[in-house]
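The values are calculated or read from the model by the stated rules, or taken from the named source; none is laboratory data. All of these numbers come straight from a predicted model, not from anything done at the bench. Counting neighbours? That spans all protein chains shown, and the Cβs are built from the backbone with ideal geometry, glycine included.
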Amino acid sequence: MKKTLILPIILIVAFLFIATFVDFDDQSGLPDGKNYIDSSNLYAKEGYIYTTKPMVAKGETRYTFSISRYYVDGAPFEVIIDLYNNERVIRRVTEHDGTMDFDIETDTFYFTFMTTPDTNQFTLQMTDRDEFRIGEEFTDIQLEEGSTFTTYEPYIDKLSPVEIVFYIVSGSVIFISLAFAIGTYFFSKGKTSKKKQLTNKKKKKQVTK
């Protein structure tokens, strides 16, 4: 049994080793959900929260940023969204607690803005009231398409083509390896049982004689 597992283990280990060099980062895709703000793409520094990597944006499209009153009240609050064409900033959108609209029913501050035709990325920067924690979901903050804000929805990542291929191939490698190990095991077990049967027959013949 141990020998039959050697090849599958080698295949799986080799595949996992190769996978460490695969780049799963997909800058070309949009989120699967409506919220563009991914908590894992944020970091805090010197009183502000920043996006680590630019978010993919659609050109000539209206977006709405919304945030719970909980994060805004108590101190001056500012939001800065830089519109990019590749690595070049082409426009800056700046709002603060005095200029944003406010919805009394939902206790939500919000504002809308339009991207330029050549916008393909944007970044987010906003005041940190010491509420952001790395590794935790930053809730009730949303950036979505459209001219009106909607109820909060967590960021939903979209699988890149590389990830899809990786999961398909990894599943196939594991399945084939296990099938090979199981098949080899039962095949060798069958051969062993046949040998035992032949040996037993020979012994019986010898006893009969």
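Below are the figures for this structure:
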| item | result |
| --- | --- |
| Residue under evaluation THR52, criteria (1) loosely packed, with under 13 Cβ neighbours inside 10 Å; (2) more than 17 Å from TYR155 (Cβ to Cβ), criterion not met | (2) |
| All positions within segment 18-43 that are of a type in the set (A, V, I, L, M) and at pLDDT below 95 | ILE18, ALA19, VAL22, LEU30 |
| Residue count, segment 27-55 (criterion: farther than 12 Å from LEU143 by Cα, among the aliphatic types (A, V, I, L, M) and not in a loop (DSSP other than H, G, I, E, B)) | 3 |
| Segment 78-129, subset in a loop (DSSP other than H, G, I, E, B) and touching a helix residue (DSSP H, G or I) at 6+ places or on another chain (Cβ under 7 Å), residue surrounded by the most Cβ atoms within 10 Å (Cβ to Cβ) | ASP97 |
| Residue under evaluation ILE156, criteria (1) assigned by TED's automatic domain parsing to the domain that holds ALA44; (2) assigned to a loop (DSSP other than H, G, I, E, B), criterion not met | (1) |
| Residue count for segment 101-149, restricted to those that are farther than 22 Å from LYS53 by Cα and over 25 Å from the mean Cα position of the chain (by Cα) | 13 |
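Residues are listed down the side, and each one gets a yes or a no for (1) farther than 17 Å from ASP73 by Cβ; (2) touching an Asp or Glu at 6+ places or on another chain (Cβ under 8 Å); (3) assigned by TED's automatic domain parsing to the domain that holds GLU46:
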position: PHE113; (1), (2), (3): yes, no, yes
position: MET126; (1), (2), (3): no, yes, yes
position: PHE132; (1), (2), (3): no, no, yes
position: THR150; (1), (2), (3): yes, yes, no
